[in-house]
1. Considering only protein heavy atoms and a 1.4 Å probe, what is the carbon-and-sulfur percentage of the accessible area of the stretch 62-101?
2. If you count only protein heavy atoms with a 1.4 Å probe, what accessible area per residue comes out for the stretch 18-132, rounded to a whole Å²?
3. If you plug each phi of the stretch 118-124 into the Karplus form 6.51 cos²θ - 1.76 cosθ + 1.60 with θ = phi - 60°, what whole-Hz ³J(HN,Hα) values come out, in order, with x for Gly and Pro?
4. Over 11 Å, how big is the tail of the calculated P(r) for the stretch 76-118, in percent of all Cα pairs?
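The values are calculated or read from the model by the stated rules, or taken from the named source; none is laboratory data. No experiment lies behind these values; they were computed from the predicted model shown. Ligands, DNA and RNA are excluded from the accessible area calculation, which covers all protein heavy atoms including side chains. Shrake-Rupley method; radii C 1.70, N 1.55, O 1.52, S 1.80 Å.
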Amino acid sequence: MVSVPGALSRARDSVGDDERERVFVEALRLEDPGGAERYLAFRDARGQAISSNESRRGTARPAGSELRLLFLRQLRAAQRQLAESSLALLDFLDTRDRRAQARYQEEISRINRLLEQHTPARAEFEKLLRGE
């Protein structure tokens, strides 16, 4: 009975993850349609690499000692492919995040300049309130 709520929670988390990704992809499509397609390609390649890695791992476990070496080579190749696809996805996300960070920094600088421009006017209004 304890595992049922855990399974339901994982199912809800998966639905939440799927919804979050759907929203992310929709926002990305609005911002950069080509980027959205690249993201989906990277995500799909990573998903295929995960499946391949799991399949190779499952095949290598029950293999006898003679076949295990062959399967281990295939498993290592699958693991390399997983690492490469994961890094490609991370590179894409890092590049996107760096661009967003630069935009935010520009906006923060603009707001700081506006605040600095308000300082002299604020000082004048405060003098008027004090009757100076």
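1. So the carbon and sulfur contribution to the accessible surface is 57 percent.
2. Details: 8870 Å² over 115 residues.
Here the residues of the stretch 18-132 average 77 Å² of exposed surface.
3. 6, 4, x, 5, 4, 4, 5
4. Percentage above 11 Å: 70.
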